[in-house]
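To keep things clear, I will list the structure first and then write my remarks on it.
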Amino acid sequence: MTGGSLGLRAGSYGSLPNIKNVIAGGGRLLHSKSFGSVRKNPIIMLSGSREKERSLTSIWYRYLGRRKISMLLLVALAVLVFVLGSFVVNKESNSPNVDQRIGTMSMAHYTNATRNEASRILGRRNRQKGGDGNRFQASVSKGANHPCANFTFPPPPPPHLRRIGPRPCPVCYLPVDQAIASMPSSPSESPVLHNLTYVHDENPIKTEPHGGSDFGGYPSLKQRNDSFDIKESMVVHCGFVKGSKPGHQTGFDFDESDLAELQQFHEIIVASAIFGNYDLIQQPRNISEEAKRNVPFYMFIDEETEAYMKNRSMLDSSKRVGLWRIIVIHNVPYSDARRNGKVPKLLLHRIFPNIRYSIWIDGKLQLVVDPYQILERFLWRQNANFAISRHYRRFDVFVEAEANKAAGKYDNSSIDAQVDFYRTEGLTPYSEAKLPIISDVPEGCVLIKEHIPVTNLFTCLWFNEVDRFTSRDQLSFGIVRDKIMAKVDWHINMFLDCERRNFVIQAYHRDLLEHMPPPVAVIRHPPALPNIITRGRNQGKRIPRHGKDRRSGSRRHHKASAGNRESNFF
C-alpha cells in the first residue's frame, strides 16, 4: 500500500473518490487531495528533467509531516497485528477439531460428565470384550448399509475447553425424505398382549388408605398387582374412568369441536401441554413441509392459561398459535398443575385412539428437529416402540429420590413413602447386574412412542403410579418397566440425554422470564476518523493558487481542517 492509498477512504466511511481526482505520481496512483499541503516551486515545475530526477524518498519526506508520523506508525502497527492474527487463524483452522471431524453436524460439544454417563457403566465390560471403551458406536439395527452405520461420537474436548453442565452431542439423522421412506408399513408386534381395554366406573370409591383419585378410579393394591400379570387380553385402570368416552364428562374434558378433532386418524402427532400458566409456547423450528402438512401439533392448556393467552392477544377463535393447535381442558382433575400435565403426557393413547406414533415434549421445550427424523433415529432404526432419554447424571431411583427432596420437588414424607414401598417390592439400587438395562432414572420430558397394546399398557400403569403416589414420574418409571419386562420380551430404548438435547431446546419457565431484567442495549459508535484522513478532504476545497491568493487559500484550508477535526471529536 502506498502513501496515496490513505486518501482512498472518504469521510462517509469508505465511499470511493472520483476517478478524476486520482493522478499519476512517482509511478503510482496517488490521490490528488492527499497533497493539498505540498508546495511546488514554479522554477522546479519549469524543469522537467529535474522533476523526474527527484527521488521518491524526498517526496515521502515532504509529505510526511510531524503530525502524520504518529498516525502512520499506528497504521503500520495495525497492519502488523492483522498479519499476525491471520497467521494464527490459519494455523488453528488447519488443526483438526471436533466440528471438522463430524462434518456438517456442527453440534455443541457434550461434556465429560455426559460422556461418563455411559462409559462409567459400559466401559469395563467393553474393555473386557476388547472393544474401545472411549467411543460409542451408534446402535443400528438396519444393517451395515444404513447411512449412519459407521457414525461414532467424537472424543470430548480438552479439559480446558469443557463447559460445565449437560450439553447436546451429535446425532446422525437421515434426510427427511429417507426418514419417511423408512417408516414401517405395518404396526410392530405386541408381545403377549393383543387386546387392551380400560376400566369404566361411574362411582369410584376409595377403599384403601393410599393415594388415587376419582379420575384414576382408585385401583386397589390387588388390582394394581394383577395389572402386571401380562395376558393376551387385559382390562386395566387408565384414567378417564367416568363418562362415555375420554374427554366427555370424565374430568379433563374437551370442547365438542375438539372431541371430533381428536378422533381423527393420524400416522404421527406431536403433543405438549401448559397448565397453571407455567410456560410460554415454544414454536418448533426446522420442520419440513411434509411434516407441516401431515403431522399435527397439539398443545393442551387449562382455562387459566387460556385466559392469560387471550389477555395477551395470543389466542383467537382459530385456536392456533403458529404450528400448535390449542386444545382447552375443562374440569381438570387435580389441584396440582404438574399432576394435570401427566394426563396427556402418559395417556395420549386414550385421548387419540386412532394414531400410530406420538412425540411428547414438555411445554418448556422447543422442538428443533423434524418429527420424521426423530422417529427414524430413536424408534425405527432401533426396532423399538418406546424411547426415552436417561438422566444425564443419576441412574439410581434412591439417589433420584434424595435429589428430589433436596430440591423441594415434593414433600419429603411422600417421597419417602413411595420409595419405601418400592423397596418392599424388591427395587434395589442400580448396579451393573442390571445390564443391559443402562439406567433406572429417565429424563422424562420427551416420550417417543408407537401406540401398540404393550406400550399403551406401560404408560397406563406408569400413570397409575403417578396417581397413587407422587407426581415425580422419574421415581415410578423403573419399577413399572421392570415388572413388565419380567413378564414379556420387551425393552425400552433409553438413549443418551445429550442426544435428547440435540433435538429439543429447554427454555425458562414463564415466571422466570417475566422477572428477568431486560437485556441492556449496547450502542457501538463508529470510531472517529483520524486527522490524516480528514485533513484536506473537504469536497468543496479549491486548488491552491499562487501568491497572495495562494496564502489566503491556505489559511482557509487550515480553518476548514480544524473545523472537521472538532466535528469528528464530538
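So the values come out like this:
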item: Whole-Hz ³J(HN,Hα) from phi, Karplus 6.51 cos²θ - 1.76 cosθ + 1.60, for the stretch 347-362, glycine and proline x; result: 10, 4, 5, 7, 6, 10, x, 10, 10, 9, 10, 9, 10, 9, 10, 4
item: Descending semi-axes in Å of the stretch 195-515, equivalent ellipsoid built from Cα gyration tensor; result: 28, 23, 21
item: Sites matching trypsin sites (Lys or Arg not before Pro) across the stretch 214-321 that sit in DSSP coil, with at most 15 neighbouring C-beta atoms within 10 Å; result: 231, 285, 312
item: Where chymotrypsin sites (Phe, Trp or Tyr not before Pro) fall in DSSP loop in the stretch 386-483, at most 12 other Cβ within 10 Å; result: none
item: Heavy atoms of residue 487 accessible to a 1.4 Å probe, total area in Å² rounded to 10; result: 120
item: Distance-filtered residues of the stretch 320-336 - backbone nitrogen under 13 Å, label point 7 angstrom along residue 244 Cα→Cβ; result: none
item: Amide H contacts of residue 300 (H built 1.01 Å from N, under 5 Å, at least 5 apart or other chain); result: 272, 273, 274, 327
item: Interchain or long-range residues, amide H under 5 Å from residue 444's placed H; result: none
item: Candidate aspartates and glutamates for bridging to residue 449, where Cα separation is under 13 Å - those fewer than 8 sequence places away on the same chain excluded; result: 267, 376
item: Cleavage-rule hits, chymotrypsin sites (Phe, Trp or Tyr not before Pro), the stretch 242-329, DSSP coil, Cβ neighbours within 10 Å at most 14; result: 265
item: Neighbourhood net charge (12 Å Cβ-Cβ; Lys/Arg +1, Asp/Glu -1) for residue 347; result: +3
item: Computed lengthening from residue 201 to residue 335, 0.36 nm per intervening residue step minus Cα-Cα distance; result: 46.1 nm
item: 3J(HN,Hα) from dihedral phi, the stretch 148-161, Karplus parametrisation 6.51/-1.76/1.60, rounded to Hz, x for glycine, proline; result: 9, 4, 9, 6, 10, 5, x, x, x, x, x, x, 6, 9
item: Cross-link reach list, aspartates and glutamates versus residue 242, counting only Cα pairs under 18 Å and skipping chain neighbours closer than eight places; result: 201, 202, 214, 253, 255, 256, 467
item: Surface accessible to a 1.4 Å probe, residue 287 within the full protein complex, Å²; result: 20
item: Shape category assigned to the stretch 289-377 from the gyration tensor of Cα positions, a/c cut at 1.5; result: oblate
item: Phi-based couplings in Hz for the stretch 438-448 (Karplus 6.51, -1.76, 1.60; Gly and Pro marked x); result: 9, 6, 9, 10, x, 9, x, 7, 9, 10, 10
item: Two-site label geometry, residue 431 and residue 257: point separation in nm, points 7 Å out along Cα→Cβ; result: 5.9
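The values are calculated or read from the model by the stated rules, or taken from the named source; none is laboratory data. All figures in this text were calculated on a predicted structure; none of them were measured in a lab. With ideal geometry, Cβ positions are generated from the backbone for all residues, glycine too; neighbour counts draw on all protein chains shown. The area values use the complete protein model at the heavy-atom level, side chains included, leaving out ligands, DNA and RNA. Shrake-Rupley method; radii C 1.70, N 1.55, O 1.52, S 1.80 Å.
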